[in-house]
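Please read the structure below before turning to the comments.
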Amino acid sequence: MPLICPQCGKSGLYLETGGVMGNIYRCKNCTYIGNFVIESDDDDFSEELEAGRRAQLGK
Ligand SMILES: [Zn+2]
């Protein structure tokens, strides 16, 4: 299952480092570095992220 960047919504994360602190991923498409990633069959999650942002702004 592809790993999706939670910042830009694109697949293209690669494992930066792993160890006792957990796996740290880096995104090829933006500046995201972190241990939180989205796992999805959809390799372009940007529309879903955008919909989520709009939903939050609409509150
Ligand atoms: Zn990204």
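The values are calculated or read from the model by the stated rules, or taken from the named source; none is laboratory data. As the structure is a prediction and not an experimental result, all values here were calculated from the model. All Cβ positions, glycine included, derive from the backbone under ideal geometry; neighbour counts span all protein chains shown. To get the accessible areas, we keep the full protein, side chains included, count just its heavy atoms, and leave off ligands, DNA and RNA. Shrake-Rupley method; radii C 1.70, N 1.55, O 1.52, S 1.80 Å.
Residues Lys28, Lys10 ordered from highest to lowest accessible area at a 1.4 Å probe: Lys28, Lys10. Shown here for the chain: chymotrypsin sites (Phe, Trp or Tyr not before Pro) in loop regions (DSSP other than H, G, I, E, B) with at most 14 other Cβ atoms within 10 Å, namely Phe36.
How much area per residue is accessible in the chain when the probe is 1.4 Å and only protein heavy atoms are counted (Å²)? Present the calculation step by step, with values, prior to reporting the outcome.
Values: 4220 Å² over 59 residues.
Here the per-residue accessible area is 71 Å².
Give the Rg/Rh ratio for the stretch 3-57, taking Rg as the radius of gyration of the Cα atoms and Rh as the Kirkwood radius, to two decimals. Don't skip to the end; give the middle numbers.
Details: Rg = 11.7 Å, Rh = 11.5 Å.
With Rh from the inverse mean 1/r over Cα pairs, Rg/Rh is 1.02.
Cα axis of helix 46-57 to longest principal axis of the chain: angle in degrees, 0 to 90, nearest 10? Taking the Cα atoms of the chain, the angle to 46-57 is about 60 degrees.
Of the residues Arg54, Arg26, the one with the largest accessible area comes first in the ranking Arg54, Arg26, computed with a 1.4 Å probe on protein heavy atoms. Working from Cα pairs under 8 Å separated by at least six residues, relative contact order for the chain is 38 percent.
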